[in-house]
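The values are calculated or read from the model by the stated rules, or taken from the named source; none is laboratory data. Just so it is clear, the model here is predicted, and its values are computed rather than measured. With ideal geometry, Cβ positions are generated from the backbone for all residues, glycine too; neighbour counts draw on all protein chains shown.
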Amino acid sequence: MEQDSDLGFPDGGWRAWSVVLGSWCAMVPSFGLMNTIGVFEAWLADHQLRHYSRASIGWIFSLYTFFLYFGSVQVGPLFDAHGLAPLLIPGCVGLVASLMIFSVAGGTSLSNISADSAKAHISTRIEYYQFMLGFSILGGISSSMVFTPSVACIAHWFLRRRALATGIAATAGGIGGILFPVLISVLPDNLGFPWAIRIIGFLSAAFCFLSVVLLRTRLPLTSAQKGIVDMKALKELRFSLLTAAIVLIDFALLIPLTYLPSYAQSSGLGDSLAYNLSSILNAASIIGRVVAGYFADRFGRFNVMIVTTLICSVLTFALWLPAQSDQAAILAFTVLFGFWGGTAISLSPVCVAQISKTQDFGKRYGMTYFFVSIGALVAIPIAGELLKVQTSTMGHDDYASLIIFCGLVYSCACVFFILSRGVSVGWGLRVF
């Protein structure tokens, strides 16, 4: 970041904070949907796709997350070279369209159709295909075109207070993760699942419009670069170690985001409370992201990430694993994990920016999330397969293997953050 000190960052003022507000509006739908995948997974497993395994259903959401992150590989360099509008506007249109397609795919419940009926078999295949096409592919790519530029814009306006600004913007994912699960929990009984999704689409359109109005860039465009991977950056050890850490922390985060509601259902908490766990988790993450951003600017971004990944690992082993049907323990884990786990979204880009020039941030951020996308592609299906194997062995839903796996991945992420920090500034205590 010292390389950027001569670029005259405002680090505040009406224009800079309006960009943060615009980024916040962009993240409500783009990351709010990712924070709702646990509710979507639980709903589809009980209704439209009830004849599919949870591992198969998991591919719908792993592909969405894959395209959300993989799109950053192209979106980052395109943002650096061509600016905001050519990416943000088509991304907003595609995101809203994907939700409308999702609502059509979810228009027929299969709960009353025989599993061995040929007609039902054809219907489920068509619906599964529609979920994949509309939500996973179109929704994931479009969300990437909305999310990535919104994060990069903040780096144009903030340097010293960048973690705080990004943390505030990232609370939007928590807001979406509160609002959307509540709508899915309440609206289907009165309006049906399709209209619940359409209402989410209308709200997303409003937030997207505000993001188009408010987001602005400040720094000059850079020349387009060939290739999607900056080999020089990959040879930089601290960057490679940081990329590995971010891959692992995002991998681990997806597991409770996806499977916590269904875990609660299997533990006897009831559908209503199980769906609302996503809202509770995301509410806690809002506070956690702001607090983490505040302390990260004062005590170091890498230092805060090391602490949060360590605590997430401890919470997974010490609270989630033994919780079983203990409602108080499940709720405690949900709140505490939401508070500490939310920093993965807000501080990871800031850590990349800390060891990158601002003009190169888009490409380096995109390259990091190219590798994250590969992890995201397999995280949910791997967790689903672990659940499937453990369940078949025990004769009932058993999440122990899934939870242990999640905790181990968090532990590995912590180690890689420590290594990246050590290579960057040494092993002593200092702000970094």
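In the set (1) surrounded by fewer than 17 Cβ atoms within 10 Å (Cβ to Cβ); (2) at pLDDT 90 or above; (3) part of a helix (DSSP H, G or I), the condition left unmet by LYS232 is number (2). Taking the criterion of being surrounded by fewer than 20 Cβ atoms within 10 Å (Cβ to Cβ) and modelled with pLDDT under 85, the residues of the stretch 125-145 that qualify are ARG125, ILE126, TYR129, GLN130. Checking the stated criteria, PHE299 turns out not to satisfy the condition of being buried (at least 20 other Cβ atoms within 10 Å of the Cβ) and either modelled with pLDDT of 90 or more or of a type in the set (A, V, I, L, M, F, W, C) (or both). I'd like to check something: does the stretch 309-317 contain any residue that is within 18 Å of the chain's Cα centre (by Cα), assigned to a helix (DSSP H, G or I) and within 29 Å of PRO188 (Cβ to Cβ)? No - not one qualifying residue is present in the stretch 309-317. Restricting ALA26, ALA97, ALA45, ALA55 to residues that are under 25 Å from HIS156 (Cβ atoms) and touching a residue at least 12 places away in the same chain (Cβ under 8 Å) narrows the list to ALA26. Filtering PRO29, PRO77, PRO86 for residues that are within 22 Å of LEU377 (Cβ to Cβ), assigned to a helix (DSSP H, G or I) and over 15 Å from the mean Cα position of the chain (by Cα) leaves a single hit, PRO77.
Against the numbered list (1) in contact (Cβ under 8 Å) with a residue 40 or more places away in the chain; (2) among the hydrophobic types (A, V, I, L, M, F, W, C); (3) part of a helix (DSSP H, G or I), LEU183 comes up short only at (1). Scanning the stretch 333-366 for residues that are farther than 21 Å from GLY83 by Cα and over 12 Å from the mean Cα position of the chain (by Cα) yields PHE333, THR334, VAL335, LEU336, PHE337, GLY338, PHE339, TRP340, LEU347, CYS351, GLN354, ILE355. Pairs are defined by a Cβ separation below 7 Å, a sequence spacing of at least 6 or placement on different chains, a first member in the stretch 190-201 that is touching a residue at least 40 places away in the same chain (Cβ under 8 Å), and a second member that is in a loop (DSSP other than H, G, I, E, B) and crowded, with 18+ Cβ neighbours inside 10 Å; the pairs so defined are PHE193/GLY106; PRO194/GLY106; ILE197/GLY106.
Out of PHE102, PHE67, PHE61, PHE40, one residue alone is within 20 Å of GLN130 (Cα to Cα), out of contact with any Phe, Trp or Tyr (no Cβ under 9 Å at 6 or more places or on another chain) and in a helix (DSSP H, G or I). It is PHE67.
The residue list ILE355, ILE345 contains one member that is surrounded by fewer than 24 Cβ atoms within 10 Å (Cβ to Cβ), in contact with a Lys or Arg (Cβ under 8 Å, 6 or more places away or on another chain) and either under 26 Å from GLY268 (Cβ atoms) or at pLDDT below 90 (or both), which is ILE355. Residues in the stretch 1-20 that are of a type in the set (A, V, I, L, M) and either farther than 18 Å from ALA85 by Cβ or surrounded by fewer than 17 Cβ atoms within 10 Å (Cβ to Cβ) (or both) were compared, and the one that is modelled with the highest pLDDT is VAL20. Annotation: of all residues in the stretch 312-337 being free of Cβ contacts under 8 Å to residues at least 60 places away in the same chain and of a type in the set (Gly, Ala, Ser), the one that is surrounded by the fewest Cβ atoms within 10 Å (Cβ to Cβ) is ALA328.
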